[in-house]
Every structure is written in C-alpha cells, then in structure tokens.
1. Please work out which residue is farthest from Thr9 (Cα to Cα), limiting yourself to region 308-326 and to residues that are touching a residue at least 60 places away in the same chain (Cβ under 8 Å), of a type outside the set (D, E, K, R) and touching a Pro at 6+ places or on another chain (Cβ under 9 Å).
2. Write out, first by first residue and then by second, each pair whose Cβ atoms fall under 6 Å of each other, whose residues are 6+ apart or on separate chains, and whose first residue, in region 96-120, is without any contact (Cβ under 8 Å) to a residue 60 or more places away in the chain while the second is assigned to a helix (DSSP H, G or I).
3. Out of region 18-44, which residues are within 14 Å of Ala355 (Cα to Cα) and not small (Gly, Ala, Ser)?
4. Counting only residues that are over 19 Å from Met92 (Cα atoms) and in contact with a helix residue (DSSP H, G or I) (Cβ under 7 Å, 6 or more places away or on another chain), give me the helices (runs of 4 or more DSSP H) lying completely in region 266-327 with at least 2 of them.
5. Out of Pro112, Pro125, which single residue is closer than 14 Å to Leu342 by Cβ, crowded, with 16+ Cβ neighbours inside 10 Å and not charged (D, E, K, R)?
6. Restricting to region 83-92, give me the number of residues that are surrounded by 24 or more Cβ atoms within 10 Å (Cβ to Cβ) and either under 17 Å from His289 (Cα atoms) or among the acidic types (Asp, Glu) (or both).
7. Out of Thr39, Thr26, Thr78, Thr20, which single residue is surrounded by fewer than 24 Cβ atoms within 10 Å (Cβ to Cβ) and in a helix (DSSP H, G or I)?
8. So for region 104-122 (the condition being in contact with a Cys (Cβ under 7 Å, 6 or more places away or on another chain), within 28 Å of Phe249 (Cα to Cα) and assigned to a helix (DSSP H, G or I)), does at least one residue qualify?
Amino acid sequence: MRLDVSSYTIPTDAPESDGTLEWDSTTIVLVQASAGSETGIGYTYGAEVIGTLIESKLAGVVRDRDPLDVQGSWQAMTESLRNNGETGIAYMAVAAVDVALWDLKARLLGLPLAKLLGRYRETVPVYGSGGFTSYSDEQLAEQLSGWVEKGIPRVKMKVGREPDRDPERVRAARSAIGDAAELFVDGNGAYTRKQALALAEQFYADAAVSWFEEPVSSEDLEGLALLRDRVPGPMEVAAGEYGYGIGYFRRMLPNVDVQQADATRCGGITGLLRVDALCAAHETALSGHCAPQIHAHALSACQRTVHLEYFHDHSRIEGMLFDGALSPEGGALRPDESRPGLGIELRQADAERFAA
C-alpha cells in the first residue's frame with residue numbers, strides 16, 4: 001500500500017471562539033491510501049506536523065501489509081509509535097491512516113463503509129453545533145434557528161468566555177429556536193466547579209438546557225462526576241472529545257452521563273469501535289464529535305450511538321473539499337449506499353488553493 005499525505009488550511013467564515021480558545025482557520029491533514037486500482041481517503045483535523053509523522057513513521061509500517069487486514073495495520077502502527085506517546089498527534093496520525101485503510105478496504109470490496117462495518121442503524125441523528133462566543137446574539141439566533149428550520153431538532157452553543165453574560169445568551173438562544181428543540185451548551189472546560197453548578201441550575205431553569213458538555217476541564221474527572229450527580233435531573237453531562245488512547249476512556253466513563261469520542265483523534269474507526277465496546281460494557285451512551293463524513297458511517301456501526309455533533313466548521317470544510325459530502329435529512333445523516341467506502345472524493349483543484 002502507498003500513502004500520500006497532504007494538508008489544507010481553510011479560513012473560517014467569521015472569527016470564532018469558545019470558552020477557552022480563539023481561531024480563524026482550521027487545518028485538515030488528509031491521507032490517501034492506495035492499493036491496486038483503488039484509493040481510500042482518511043483525515044484528521046490538526047497541525048501539519050501530523051502529516052510529517054505519517055510520512056516518516058507510518059507509511060513504512062503499512063507499506064507491505066494486506067489492505068484487508070485493517071486491525072493488524074492499526075496494531076502495527078500503534079506499536080511503532082510507542083516512544084512517541086499514545087496520545088495527541090501520534091494517535092491523530094494513526095486515526096487518519098486507519099480511516100483511509102477502512103475506506104480503501106470498503107472500496108476494494110465494493111461496499112459502503114457502513115455496510116462493511118455492520119450497521120446497528122441506518123441513520124445517525126445529529127445536533128447542529130456552533131453558536132460561538134464570538135457571535136453576536138443576532139448571529140447566534142440566526143445560526144441555531146436555521147438548523148431547527150432545516151429539521152435538526154437539537155442544537156448546541158458555546159459558553160464560558162463571559163460567564164456573567166452566559167445566561168442572557170442562553171435565553172436568547174432558547175427564544176430563537178422555540179420550545180420544541182433541545183438546547184445544548186458546551187463550556188470547553190472554562191468554568192470552575194462552583195460556577196458550573198450554579199450555571200447548570202440557571203441554564204435549566206431559564207432555557208431547559210438538557211446537555212452540559214465539559215462544564216469543567218475534561219481532566220477534572222472528580223469535577224465531572226460532581227456535576228453529573230448534582231445538575232438538574234434531565235440535564236446530561238458529557239465529555240471525551242479529547243480522548244486518544246483507550247485508557248483515557250476507561251477512566252472517564254464512570255464520571256459522565258454520555259461519553260464523547262472522535263474517530264479522528266482516538267485512533268480512527270478501529271479506536272472508535274473499541275470505545276463503543278467500553279460504552280456497551282458500562283451501559284453508557286456514546287456521542288460522536290465532529291468530522292461528519294467519517295462518523296456517519298462509523299457511528300452507524302456503534303451500538304451505543306445516540307447522536308453526532310454536526311459542527312459548523314467541519315461540515316463547511318468537508319462540503320468544500322469533497323464530492324459526495326452528506327447533509328442532514330430529517331435531523332440525521334444517512335450513508336450513501338450507492339457509493340463504496342465513505343462515498344466521498346477529493347476535489348483536488350478546489351483543495352489546492354488551501355494547500356498548507
């Protein structure tokens with residue numbers, strides 16, 4: 001097998017921020033894995049150096065391996081990176097290659113990836129995600145209500161940058177989306193435990209918020225457990241998007257209502273399936289984080305899936321770069337059964353103007 005790696009940096013369509021970070025562009029590191037006459041696509045969102053790691057360490061590991069033995073390639077890649085750490089960019093590099101290998105295998109067999117993996121469901125429910133803290137109340141209302149009008153029955157906004165003003169923003173969001181849609185908030189770890197608890201009660205009382213993501217740092221497992229046990233009953237506490245190795249998820253699972261995971265970070269589709277098995281063992285729900293073109297297939301094959309984050313930046317980028325990119329219908333993504341693999345093709349000419 002041959003791996004070709006490229007990186008593209010796409011500016012945001014407006015300044016963006018959450019409770020702990022500001023950004024004006026997003027970089028996608030893309031892998032194309034080729035064997036015979038087929039080429040599979042995989043990717044992750046992160047620094048260009050991930051591509052360097054793939055070229056210098058992982059390309060040689062998978063070169064002579066059977067393209068149908070994806071798990072064996074995954075094991076070989078993770079073993080080869082032992083001295084580079086089982087977290088961060090090392091696992092993101094594995095993730096991008098692993099997704100490309102799964103896509104390649106499905107194309108070689110002429111199957112949609114969801115069907116190759118074995119589906120628990122034909123569609124994956126999504127929630128619209130954006131609502132950046134950099135948005136005005138008017139921008140916030142327009143984006144969230146737009147998703148609801150398109151049939152997405154749950155939406156998420158960012159909080160945490162201005163805690164004193166967050167209740168006002170949350171009320172504005174509820175007013176914009178009406179009473180029927182679910183409203184989620186994401187603190188990105190910006191709050192202290194006491195701030196988060198007080199705001200959870202206010203968010204629920206004022207706007208029936210039903211999901212509080214990273215109310216405190218995802219490294220504060222005791223704090224997550226405290227919030228999970230003390231927020232208003234219908235509100236779910238979630239975290240996990242920064243999980244890489246399986247041990248992270250094993251430690252986090254007992255402390256949240258919903259475990260999040262991102263196949264572009266946790267070692268690819270192979271890693272995500274391992275997380276799903278843990279969730280099943282703990283009878284805990286699993287929610288996917290971003291990268292909708294990958295997760296539409298991968299989460300259909302996960303037993304504990306409840307929904308997927310349809311993130312503004314990633315859905316926009318994937319629509320710009322890929323032919324065949326899926327859009328939600330009736331609040332869910334449905335993998336295209338008429339196309340093999342992930343069902344997407346890189347628009348090379350369109351991508352080149354963003355080459356990193």
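1. Of everything passing the filter in region 308-326, Leu308 is farthest from Thr9 (Cα to Cα).
2. From residues that are without any contact (Cβ under 8 Å) to a residue 60 or more places away in the chain, the pairs are Leu116/Ala106.
3. So the first thing to find is which residues in region 18-44 are within 14 Å of Ala355 (Cα to Cα), and the list is 25-31.
Matches in region 18-44: Thr26, Thr27, Ile28, Val29, Leu30, Val31.
4. Values: elements: 268-282, 292-298, 312-321.
The helices (runs of 4 or more DSSP H) meeting that bar are 268-282, 312-321.
5. Numbers: Pro125 fails: closer than 14 Å to Leu342 by Cβ.
After applying the criteria, what remains is Pro112.
6. Quick first cut of region 83-92, residues surrounded by 24 or more Cβ atoms within 10 Å (Cβ to Cβ) only: 90-92.
Cutting the leftovers down to either under 17 Å from His289 (Cα atoms) or among the acidic types (Asp, Glu) (or both) gives us 91-92.
Adding up the residues that qualify gives 2.
7. On the way: Thr39 fails: in a helix (DSSP H, G or I); Thr26 fails: in a helix (DSSP H, G or I); Thr20 fails: in a helix (DSSP H, G or I).
Within the list Thr39, Thr26, Thr78, Thr20, the selection yields Thr78.
8. no
The values are calculated or read from the model by the stated rules, or taken from the named source; none is laboratory data. Keep in mind that what you see is a predicted model, and the values were worked out from it rather than measured. Glycine gets a Cβ as well: all are built from the backbone with ideal geometry, and neighbour counts include every protein chain shown.
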